[in-house]
Ligand code: BGC
């Protein structure tokens, strides 16, 4: 009997939690009503003032809700590598909370270097959980502007030089974030490829280049990732600011791609009221006021889309057509995020996120060179490793602009290697050079005092002295997050290593028995010293776990599989940018803006080096492993494909070395019979394949007609011309392993 009652009680409970009691309140509050019904219901209840109110900020990082209706304000946060510390209501400075130190995930260029969509999903899910825990609705990231010039200060926040790679890598990130009920705000839309004069420069780009190079990753984020938010960029395009650019926002984003989410301005990127109202901007953030001084009580009322908009509506200058569209989009985001049916609470600074950060960062470390298999490190018991260079100890999550983070902890490379060799070998550090001793940014302090008053000669002498009897000497240098390096707001002056690091490298190479250079940067650096090092590793800003991740690769715990998301030319001058007109742009007397002419057109990155046959130091897609791979049996399922069909192409890849590893198999397509100028090949597929030593797998790609197409600007359509094409299976843009010809009928 007792058993029977228990069964009955649990059956009742089950019924109670599985049936949906009819919701008796208004539709917009019904979590189970379809989003569009909730939107229409809420909209119908709002006053004009409430509607206009939603389109502008109310603090540095929040925009208004509708308090009367219980519709919450929207909380935005940077992005894209971790959740920014809480800031003061009207200031950039952090507010000094003690519970907002986040997990710093690797910089997006590090993620791109994994060439691994699973890693991107893991990244998105993890950072989305952190955002949700911190009650943020819109995450200001990911950034996907193309690396057009190695000098761009924000390359580290983006995903490299190739639209296909960026597009494939951005989609899982967006999906992962949004699974948590947090909107990903993909930025900075569009043709925003330099920091120099970023708010005063007009990108002059032809349509073919726009559609083939600068838009595809945004299109993928919208159409495949279903991104709920997009951030307009600071610059102009077609002579109009991008936060209210008619062609980019109305015609392409909301028109051609049918985007149904919100367009958020970059902070201070909204510049002209009427354009903002008419040209597709939905939320205006960061217009330059501190929120207090512009008006008696609330400076935000002075924003372009606040009181000026309301006035225009009341005077009949505008109708509510645009306003209702904006408010619908904002409500949609709210119902998808803070008022979504299945709330979760996220999680923050947990072991799972640390592990994710470590895995992603390690998967993106690129082994550029490894003469005589000097890596992985092989250090005898009682041996000695000497690390030289500021980047072996410098905390890197602080600085760089809006991606600046306050992190729970940051393991530097020295600490990572010391932990790996604890009880086995001595790991010591020498400074080598003094770079940036800055320690705080927006009030976030690293707590690290890097002052050193020794002269360059004294520093080099000390490093050389320590290096003499070391089993390994590892130079850890590169760039950092200070101005004119990998940082927002300014570009680099050149591509060389700063602070005379080359002198240190050359001096160490003279004495080191085994010499490894680890370059930590978010952009390509010139490596005229490359032949002095036995091994070269491209490391990145790996966040919280950066030092452990690097150690994992150096020690062989992780077999490197990262690949370059950009080309590393021998020298800057080898690249496609040859004139001031192209970069940084020119400003004629009397002109208001700089004009930056994208004269190189579609020939960006490897498209340039390959097509013009300019040799590079390390090609796009390059990266070595501790094992070796062999490609064989490349074939196409048929010798031709039809315009309305697809074609399967495949190749066998075998691990021919003696340790397990992963290979990034790359597929490039070459159009050999085009009627117009096309790059000699373009990336159209990649897959990460795990292979045990001795194992072989078949990797198959499905070629679609889009992969063969170019953008015909005159007729505004994609065209795939019948004729011969080649499917090139490759380890990098410079290392083609197999070539299969096929025809498009
Ligand atoms: C940056 C954005 C950032 C915003 C808010 C701007 O200066 O360009 O990327 O999301 O500030 O911090």
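Things worth noting here:
- Test result for residue 729, touching a helix residue (DSSP H, G or I) at 6+ places or on another chain (Cβ under 8 Å) and closer than 24 Å to residue 639 by Cα: no
- Of all residues making up the range 370-384, the number that are surrounded by fewer than 21 Cβ atoms within 10 Å (Cβ to Cβ) and either touching a helix residue (DSSP H, G or I) at 6+ places or on another chain (Cβ under 8 Å) or in a loop (DSSP other than H, G, I, E, B) (or both): 7
- Residue-level check: of (1) in contact with a helix residue (DSSP H, G or I) (Cβ under 9 Å, 6 or more places away or on another chain); (2) in a helix (DSSP H, G or I); (3) closer than 20 Å to residue 565 by Cα, residue 222 misses just (3).
- Within the range 59-72, the residues that satisfy the criterion of being away from the ligand (no atom under 14 Å from the Cβ), crowded, with 18+ Cβ neighbours inside 10 Å and either touching a residue at least 40 places away in the same chain (Cβ under 8 Å) or in a loop (DSSP other than H, G, I, E, B) (or both) are 64, 65, 71.
- Lone unmet requirement of (1) within 25 Å of residue 157 (Cα to Cα); (2) touching a residue at least 60 places away in the same chain (Cβ under 8 Å); (3) more than 13 Å from the ligand (Cβ to nearest atom) for residue 48: (1)
- Scan the range 710-745 for residues that are assigned to a loop (DSSP other than H, G, I, E, B) and crowded, with 17+ Cβ neighbours inside 10 Å and the total you get is 4.
- Residue among 536, 520 that alone is at pLDDT 95 or above, under 18 Å from residue 151 (Cβ atoms), buried (at least 18 other Cβ atoms within 10 Å of the Cβ) and more than 16 Å from the ligand (Cβ to nearest atom): 520
- Note on the range 102-113: residues that are touching a strand residue (DSSP E or B) at 6+ places or on another chain (Cβ under 7 Å) and within 14 Å of the ligand (Cβ to nearest atom) amount to 1.
- Here the condition is being in a loop (DSSP other than H, G, I, E, B) and either touching a helix residue (DSSP H, G or I) at 6+ places or on another chain (Cβ under 7 Å) or within 19 Å of residue 475 (Cα to Cα) (or both); of 409, 354, it holds for 409 alone.
- Of all residues in the range 396-409, at least one satisfies being away from the ligand (no atom under 16 Å from the Cβ), surrounded by fewer than 22 Cβ atoms within 10 Å (Cβ to Cβ), at pLDDT 95 or above and closer than 19 Å to residue 540 by Cα.
- Filter pass, residue 99 being exposed (fewer than 10 other Cβ atoms within 10 Å of the Cβ), at pLDDT 95 or above and either away from the ligand (no atom under 15 Å from the Cβ) or farther than 26 Å from residue 154 by Cβ (or both): yes
- Residue count, the range 264-282 (criterion: touching a strand residue (DSSP E or B) at 6+ places or on another chain (Cβ under 9 Å) and away from the ligand (no atom under 16 Å from the Cβ)): 5
- The set of residues in the range 389-440 that are more than 20 Å from residue 516 (Cα to Cα) and without any contact (Cβ under 8 Å) to a residue 40 or more places away in the chain comprises 422, 423, 437.
- Residue match in the range 247-263 (condition: within 16 Å of the ligand (Cβ to nearest atom), within 23 Å of residue 595 (Cα to Cα) and touching a residue at least 60 places away in the same chain (Cβ under 8 Å)): no
- Qualifying residue in the range 131-138 (condition: surrounded by 24 or more Cβ atoms within 10 Å (Cβ to Cβ) and out of contact with any strand residue (DSSP E or B) (no Cβ under 7 Å at 6 or more places or on another chain)): yes
- Considering the conditions (1) part of a loop (DSSP other than H, G, I, E, B); (2) touching a residue at least 60 places away in the same chain (Cβ under 8 Å); (3) within 15 Å of the ligand (Cβ to nearest atom); (4) surrounded by 22 or more Cβ atoms within 10 Å (Cβ to Cβ), residue 161 is excluded by exactly one of them, (3).
Conditions tested, residue by residue: (1) in a loop (DSSP other than H, G, I, E, B); (2) touching a helix residue (DSSP H, G or I) at 6+ places or on another chain (Cβ under 7 Å); (3) without any contact (Cβ under 8 Å) to a residue 60 or more places away in the chain; (4) under 25 Å from residue 213 (Cα atoms).
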{"residue": "607", "(1), (2), (3), (4)": "no, no, no, yes"}
{"residue": "610", "(1), (2), (3), (4)": "no, no, no, yes"}
{"residue": "614", "(1), (2), (3), (4)": "yes, yes, yes, yes"}
{"residue": "631", "(1), (2), (3), (4)": "no, no, no, no"}
{"residue": "634", "(1), (2), (3), (4)": "no, no, no, no"}
{"residue": "638", "(1), (2), (3), (4)": "yes, no, no, no"}
{"residue": "643", "(1), (2), (3), (4)": "yes, yes, no, yes"}
{"residue": "649", "(1), (2), (3), (4)": "no, no, no, yes"}
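A quick yes/no check of all residues on (1) away from the ligand (no atom under 16 Å from the Cβ); (2) more than 29 Å from residue 709 (Cβ to Cβ); (3) at pLDDT 95 or above; (4) touching a helix residue (DSSP H, G or I) at 6+ places or on another chain (Cβ under 8 Å):
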{"position": "179", "(1), (2), (3), (4)": "yes, yes, yes, yes"}
{"position": "187", "(1), (2), (3), (4)": "no, no, yes, no"}
{"position": "200", "(1), (2), (3), (4)": "no, yes, yes, no"}
{"position": "207", "(1), (2), (3), (4)": "yes, no, yes, no"}
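- Test: residue in the range 75-91 that is away from the ligand (no atom under 14 Å from the Cβ), surrounded by fewer than 24 Cβ atoms within 10 Å (Cβ to Cβ) and assigned to a loop (DSSP other than H, G, I, E, B): yes
One line per residue, one yes/no per condition, for (1) within 21 Å of residue 261 (Cβ to Cβ); (2) at pLDDT 95 or above; (3) touching a strand residue (DSSP E or B) at 6+ places or on another chain (Cβ under 6 Å):
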position	(1), (2), (3)
284	yes, yes, yes
292	no, no, no
312	no, yes, no
317	no, yes, no
322	yes, yes, no
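- Screening 126, 120 for residues that are more than 15 Å from the ligand (Cβ to nearest atom), outside any loop (DSSP other than H, G, I, E, B), under 16 Å from residue 543 (Cα atoms) and more than 11 Å from the chain's Cα centre (by Cα) leaves exactly one candidate, 126.
- Test result for residue 595, part of a strand (DSSP E or B) and under 29 Å from residue 106 (Cα atoms): no
The values are calculated or read from the model by the stated rules, or taken from the named source; none is laboratory data. As the structure is a computational prediction, the values presented were derived from the model and not from experiment. Heads up, the Cβs are rebuilt from the backbone with ideal geometry, glycines too, and the neighbour counts pull from every protein chain shown.
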